[in-house]
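Asks: Before anything else, here's the structure in question.
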Amino acid sequence: MKQNRRFLVRFPIIICLFTCGLLYSLSQLIERSFEEFSIQQNISELNSVIHSIESEITYFYPIDNREEFLQNLLIILARHQRLFVYIIDDTGKVIYRTRGPILTIAQSQINLDQIMQDHTSTIWETSRSSYRIAASKLVIDDKHQFTTIVAINRDLQLEFIKRLHDGLRLLIILSCIIALLATLTTIYFTQKPINLLIKKIEKINWKNLNSRISTTSVPPKYASLVKAFNNMLHRMEDTFRRQQNFTADIAHEMRTPITNLTTQTEIALNSARTTNEYREILYSNLEEYSRLSQMITDMLFLAQADNKQLIPNLIMIDLHQFMIDFIDYFEPLSEEKNITIKLLGDCKPIQGDRNMISRAVSNILSNAIRHTPINGQITIELDQLSANWVKIVIANPGKKIDEFHLDHLFDRFYRVDESRQRNGEGAGIGLAIVKTIIEAHKGLIYVLSDEHHTRFIIELPTNIQNIGTKETK
Ligand SMILES: Nc1ncnc2c1ncn2[C@@H]1O[C@H](COP(=O)(O)OP(=O)(O)OP(=O)(O)O)[C@@H](O)[C@H]1O
Ligand SMILES: [Mg+2]
């Protein structure tokens with residue numbers, strides 16, 4: 001949470017710094033380009049004037065018609081503002097000069113000879129103004145030379161550049177402030193519903209797992225997130241409730257045999273009994289002990305599965321032969337109700353843990369015998385679903401199991417008829433164990449029930465190692 005907040009503060013600052021950096025680079029680019037452009041413009045203006053003046057000097061040389069010469073110079077200079085010219089002959093006499101700065105002073109401050117030699121220009125600063133200055137030497141007839149010094153005032157340009165610079169800086173600062181405020185505001189308004197949501201979520205604990213967050217209390221874009229969260233809460237509540245029920249159920253299931261044992265022992269101790277009576281009581285107690293023992297074994301088995309410690313000891317099982325043996329084993333029990341068990345179909349041998357598969361089939365068969373009416377027929381059908389999958393269907397006649405119960409049949413301690421609990425018939429963990437075993441074999445189990453039959457369908461891979469787990473239907 002803290003990290004999240006730190007990021008949310010840093011993020012707009014980073015964005016602002018980035019925007020500032022970007023704008024600063026852009027402003028530098030604009031200023032540089034303008035400066036470059038001004039310099040080029042000044043240089044070309046100076047060169048063009050020098051060139052025009054030298055053409056005039058050459059034309060009028062030896063400058064007898066001074067009036068016309070000056071007139072032409074004026075025409076040339078009229079096209080240029082803030083431009084100052086000095087023309088000096090080889091004797092040092094100033095032939096022509098414009099009003100304004102005395103350019104000959106520049107000669108003592110800057111190396112004009114070097115400029116003339118390199119055909120470049122330079123900056124000349126006086127106490128009041130700044131100029132770009134250029135000079136050229138014209139030699140006529142190898143005897144007479146004329147030096148033309150031209151300077152252009154840069155004050156206006158410099159003023160413009162300064163304003164541009166200040167304007168751009170102001171723009172950068174304003175843009176950054178606006179960007180910072182806009183980002184912070186956006187983050188605040190985006191984060192507000194999330195913060196509210198976080199507060200609501202933080203209030204949820206194991207005591208109020210049934211509370212749900214209303215999807216209308218958050219902006220529509222978070223509705224699906226809230227829905228997913230509510231679904232997760234529902235699943236957690238369900239698991240938590242089942243876990244709570246599971247503990248209560250274990251206690252309840254264990255209390256019945258222990259109460260029976262206590263009562264019987266108390267009765268036995270109340271008065272003197274014959275050996276036969278004691279023997280009967282002990283037999284009855286033995287039954288309760290085996291019930292308790294079976295229940296503890298089942299619980300340990302499920303706990304092992306929960307801790308992923310249930311590792312099948314794989315061998316190849318011929319399911320057809322396996323079922324024949326099973327039917328023989330169950331014959332005494334089925335004969336009590338005159339129930340026949342019929343085996344149909346065949347399939348490839350499968351890889352499996354013989355004890356576990358026996359336990360699963362035994363649980364289903366004992367349920368089937370319990371729920372089949374007298375003289376009924378149970379069928380076990382084997383089928384080869386595909387090259388790597390087999391199907392076992394155990395069907396028994398009987399009442400239809402309601403859809404609602406079908407979804408919970410494999411839950412621990414779930415019984416369709418709770419009243420049977422009082423008759424001490426079953427704890428309701430048989431099918432939970434079956435499901436655990438089938439899943440340990442990477443198979444799936446489901447149940448179908450209609451008006452006439454209930455069918456438990458098991459699908460198993462023939463080779464566990466080569467197959468991923470199938471979802472339970
Ligand atoms: N073949 C069946 N026909 C109808 N109902 C069945 C059948 N098999 C199971 N049931 C229902 O499913 C419930 C759960 O079965 P499960 O085997 O888990 O528990 P149980 O048989 O009651 O007890 P336990 O197996 O622990 O001794 C049973 O209470 C029963 O109502
Ligand atoms: Mg059972």
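The values are calculated or read from the model by the stated rules, or taken from the named source; none is laboratory data. None of these values were measured; they are calculated from a predicted model. No Cβ is skipped: glycine too gets one built from the backbone with ideal geometry, and neighbour counts run over all protein chains shown.
Asks: Could you check segment 78-99 and list, in sequence order, the residues that are farther than 17 Å from L138 by Cβ and either in contact (Cβ under 8 Å) with a residue 24 or more places away in the chain or assigned to a helix (DSSP H, G or I) (or both)?
Replies: If the condition is that a residue be farther than 17 Å from L138 by Cβ and either in contact (Cβ under 8 Å) with a residue 24 or more places away in the chain or assigned to a helix (DSSP H, G or I) (or both), then A78, H80, R82, L83, F84 are the ones that fit.
Asks: Can L448 be described as surrounded by fewer than 16 Cβ atoms within 10 Å (Cβ to Cβ), within 13 Å of ligand 1 (Cβ to nearest atom) and assigned to a strand (DSSP E or B)?
Replies: So L448 fits the description; yes.
Asks: What's the total number of residues in segment 195-222 that are surrounded by 12 or more Cβ atoms within 10 Å (Cβ to Cβ) and within 26 Å of R241 (Cβ to Cβ)?
Replies: Total meeting the criteria: 11.
Asks: What are the pairs with Cβ atoms under 8 angstrom where one residue, in segment 425-445, is closer than 21 Å to Q294 by Cβ and part of a helix (DSSP H, G or I) and the other, located anywhere, is within 8 Å of ligand 2 (Cβ to nearest atom) and among the small types (G, A, S)? Sequence gap at least six, or different chains.
Replies: From segment 425-445, the pairs are G430/S366.
Asks: Can you give me the number of residues within segment 118-135 that are more than 13 Å from I43 (Cα to Cα) and either among the hydroxyl-bearing types (S, T, Y) or out of contact with any Lys or Arg (no Cβ under 9 Å at 6 or more places or on another chain) (or both)?
Replies: Total meeting the criteria: 7.
Asks: Check off (1) assigned to a helix (DSSP H, G or I); (2) at pLDDT below 85 for L29 and give me the number that stays unchecked.
Replies: (2)
Rundown of residues vs (1) farther than 30 Å from L282 by Cβ; (2) in a helix (DSSP H, G or I); (3) hydrophobic (A, V, I, L, M, F, W, C); (4) more than 24 Å from the chain's Cα centre (by Cα), yes/no style:
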site	(1), (2), (3), (4)
N210	yes, no, no, yes
A223	yes, yes, yes, no
V226	yes, yes, yes, no
A251	no, yes, yes, yes
P257	no, yes, no, yes
T265	no, yes, no, yes
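Asks: Quickly run through segment 429-454 and pick out the residues that are of a type outside the set (A, V, I, L, M, F, W, C) and more than 16 Å from ligand 2 (Cβ to nearest atom).
Replies: E439, H441, K442, G443, Y446, D450, E451, H452, H453
Asks: How many residues are near ligand 1 (Cβ under 9 Å from one of its atoms), over 14 Å from V447 (Cα atoms) and small (G, A, S) if we restrict to segment 350-409?
Replies: Residues meeting the conditions: 1.
Asks: Has segment 245-267 got at least one residue that is among the polar types (S, T, N, Q), closer than 29 Å to K200 by Cα and either without any contact (Cβ under 8 Å) to a residue 40 or more places away in the chain or surrounded by fewer than 16 Cβ atoms within 10 Å (Cβ to Cβ) (or both)?
Replies: yes
Asks: Looking at segment 146-172, which of the residues that are assigned to a helix (DSSP H, G or I) and touching a strand residue (DSSP E or B) at 6+ places or on another chain (Cβ under 8 Å) is surrounded by the fewest Cβ atoms within 10 Å (Cβ to Cβ)?
Replies: It comes out as D155.
Asks: How do the pairs read when you match residues in segment 17-40 that are more than 23 Å from D155 (Cβ to Cβ) with residues anywhere that are of a type outside the set (A, V, I, L, M, F, W, C) and part of a helix (DSSP H, G or I), using Cβ under 6 Å and keeping only pairs 6 or more apart or on different chains?
Replies: The qualifying pairs are L23/S175.
Asks: Got at least one residue in segment 412-428 being in contact with a Ser or Thr (Cβ under 9 Å, 6 or more places away or on another chain), modelled with pLDDT of 85 or more and either among the aliphatic types (A, V, I, L, M) or within 16 Å of ligand 2 (Cβ to nearest atom) (or both)?
Replies: No, that holds for no residue.
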